[in-house]
Amino acid sequence: MTTLARFPAALGDWIDQQLELGWQAEALVQTMQERGVAASASRAIVEAFVKARSLGSPRPIDSVELVEAPRLPRGTSIRAGDRTVRVAARIERPALAVLNDVLDADECAELIELARPRLQPSTLVDPRSGRDVVTGLRASSGMFFRPAETALVARIDRRFAELMNLPIEHGEGLQVLHYASGAGSAPHHDFLAPTNAANIASVARSGQRVSTLVAYLNDVPAGGETSFPAIGLSVSPQRGHAVCFEYCNGAGELDEAVLHASRPVEQGEKWVATKWMRSRRFVSM
């Protein structure tokens, strides 16, 4: 995600003067951090001035674009606790990755059997009242595990937290959803819009949701893709694989490009496990 790092004209003059005197960029970054400028902003501002001088182009006036690195670790594979997860594909903007081997077949089967007797009709939060309501926009059933409710759930909670590169206590309870044949969900965002008192109170307690990991618990013969209409991407549900995406940066800015939906299941059924991460420790009601 990108944001603007703004700076006063006096700071720009000072950077220009020090570069003219032969200061190295790293020394300028260190000095700015010592004076209270955030590390990422310090580096982005100095690098923009250095680049402008090398190209002979006008220097930045009062802001530079700050590209925030995704939380998801880089590389073609990620070590997540007891296993290595392969990265099948990535998108930089919005920050999204398709992951292989997140869960094994036995873990998927056990999650389904633990969840099955506790399924209830899925709800969405009414943007006006903040209440959970059953709606045709999500034709599925679901349930939530408590954090670390069983040994299996505790292991998966740890693994997902490491993949999402956030403390385990920032995670909401693991959700399992079941979509019967013909079921899907309408396009929606996972972040909490401040349109009602319940969302505002939840964000005040635990911070904004910042990322989502959707793991597929079974193979779906046809349909059931997780689609991202704003970027033209669909991820096919395959057992043990997952898609992870981020939508809130360190400044609290939200990325609406991760609008997503579950396309209707055309054959068979679909089971998924979903983990939402917050910017702070999650505190339930």
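Tabulated values for the structure
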read-out: Lone qualifier among D82, D101 - being within 21 Å of M164 (Cα to Cα), surrounded by fewer than 16 Cβ atoms within 10 Å (Cβ to Cβ) and at pLDDT below 90; value: D82
read-out: Test: residue in the stretch 219-226 that is under 16 Å from the mean Cα position of the chain (by Cα) and on the phi < 0 side of the Ramachandran plot; value: yes
read-out: Residue match in the stretch 205-228 (condition: in contact (Cβ under 8 Å) with a residue 24 or more places away in the chain and part of a helix (DSSP H, G or I)); value: yes
read-out: Residue count for the stretch 58-112, restricted to those that are under 26 Å from H260 (Cα atoms) and among the hydroxyl-bearing types (S, T, Y); value: 2
read-out: Selection within the stretch 213-269 - crowded, with 22+ Cβ neighbours inside 10 Å and hydroxyl-bearing (S, T, Y); value: Y216, T226, Y247, S262
read-out: Boolean, E26 is loosely packed, with under 15 Cβ neighbours inside 10 Å and modelled with pLDDT under 90; value: no
read-out: Selected residue [touching a Ser or Thr at 6+ places or on another chain (Cβ under 6 Å) and within 18 Å of G173 (Cα to Cα)] from V235, V210, V203; value: V210
read-out: The one condition in (1) modelled with pLDDT under 95; (2) surrounded by 15 or more Cβ atoms within 10 Å (Cβ to Cβ) that S141 fails to fulfil; value: (1)
read-out: Single residue of the stretch 158-190 satisfying the filter (among the charged types (D, E, K, R) and in a loop (DSSP other than H, G, I, E, B)) that is farthest from V283 (Cα to Cα); value: D190
read-out: Failed item in (1) over 23 Å from I200 (Cβ atoms); (2) modelled with pLDDT under 95; (3) polar (S, T, N, Q), with T135 passing the rest; value: (1)
read-out: Contacts under 7 angstrom Cβ, first residue in the stretch 175-204 being assigned by TED's automatic domain parsing to the domain that holds Q267, partner among the acidic types (D, E) and surrounded by 14 or more Cβ atoms within 10 Å (Cβ to Cβ), 6 or more apart; value: H178/E269; Y179/E269; A180/E269; S181/E269
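The values are calculated or read from the model by the stated rules, or taken from the named source; none is laboratory data. What you see is a predicted model, and the numbers here were worked out from it, not measured in a lab. Here Cβ is always computed from backbone atoms with ideal geometry, including for glycine, and neighbour counts include all displayed protein chains.
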